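Visitor: I'd like to ask you about the structure that follows.
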Amino acid sequence: MKSKNSILYVQTSDVPERQYPPLVLAQTAKAMDIDPKVYYLGQGLKILLPGEAEKIKLGNFPSVLEMINKTLEMGIEIYVCEASKQMLGWEKVELIPGVKIVGAGTLNDLALDAGTTMWF
């Protein structure tokens with residue numbers, strides 16, 4: 001069922017400067033009583049390897065790992081594409097704690113249910 005009061009943020013990049021917008025926007029949406037969800041796809045998964053997100057800290061922002069942890073602590077779900085894990089050859093790779101590994105069809109379901117979808 002489509003919810004106009006929800007936003008899906010899809011992260012497809014491992015570029016450091018592109019890591020903050022979906023996390024900042026998801027946290028802001030939650031504070032605005034909007035239901036946000038974050039979905040990592042393709043090259044975006046590289047940031048979720050243990051040790052990677054804490055290496056990225058830009059400007060006065062906390063590290064990307066701190067941003068991810070705060071996002072999770074706020075009750076915002078972070079999904080990870082299983083097919084992207086397979087594409088990267090990561091069948092046995094562990095990712096940072098708290099993220100949910102889901103099938104590719106989940107992205108379609110989340111996009112159909114969201115009021116809007118933003119891609120990064």
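Visitor: Please work out which option in [x] 1.06; [y] 0.99; [z] 2.04 gives Cα Rg over 2.2 N^0.38 Å calculated from these coordinates, and answer with its label.
Guide: Correct label, based on the coordinates given: [y].
Visitor: How do V64, V38 rank when sorted from fewest to most other Cβ atoms within 10 Å of their own Cβ?
Guide: V64, V38
Visitor: To continue, here is another question. Quick check on the exposure proxy: order W119, W90 from fewest to most C-beta atoms within 10 angstrom.
Guide: So the residues, fewest neighbours to most, are W119, W90.
Visitor: So what is the 222 nm mean residue ellipticity for the chain from helices alone, if each DSSP H run of at least 4 adds -39500 (n - 2.57) and you divide by all residues, rounding to the nearest 500 deg cm²/dmol?
Guide: Calculated from helices alone, the mean residue ellipticity at 222 nm is -9000 deg cm²/dmol.
Visitor: Under a Cβ-Cβ cut-off of 9 Å, what is the net charge of the residues other than E77 that fall near it, where Lys and Arg count +1 and Asp and Glu count -1?
Guide: Combined, the nearby Lys, Arg, Asp and Glu give +2.
Visitor: So, one more: Which residues make up the longest stretch of the chain clear of GluC sites (Glu not before Pro) that lie in a DSSP loop with no more than 12 other Cβ atoms within 10 Å, not counting the sites?
Guide: The longest such stretch corresponds to 1-90.
Visitor: Report the charge-dipole magnitude of the chain in Debye, nearest 20, computed about the Cα centre from +1 at each Lys and Arg Cβ and -1 at each Asp and Glu Cβ.
Guide: Here the size comes out at about 140 debye.
Visitor: Take the Cβ-Cβ distance between L49 and L112 as r, set R0 to 35 Å, and report the resulting FRET efficiency rounded to the nearest 0.05.
Guide: 0.75
Visitor: What's the exposure ranking of L49, L95, going from fewest to most Cβ atoms within 10 Å?
Guide: L49, L95
Visitor: Report the Rg/Rh value for the stretch 1-68, based on alpha-carbon coordinates and the Kirkwood definition of Rh.
Guide: 1.00
Visitor: Also, I was wondering about something else. Do any trypsin sites (Lys or Arg not before Pro) in the stretch 49-115 lie in a DSSP loop with no more than 10 other beta carbon atoms within 10 Å, and if so, which?
Guide: Those satisfying the criteria are K92.
Bear in mind that the values in this text are calculations on the coordinates, not laboratory data. On a predicted model such as this, the values are computed, not experimentally measured, just so you know. Note that each Cβ is placed from the backbone with ideal geometry, even for glycine, and that neighbours are counted across all protein chains shown.
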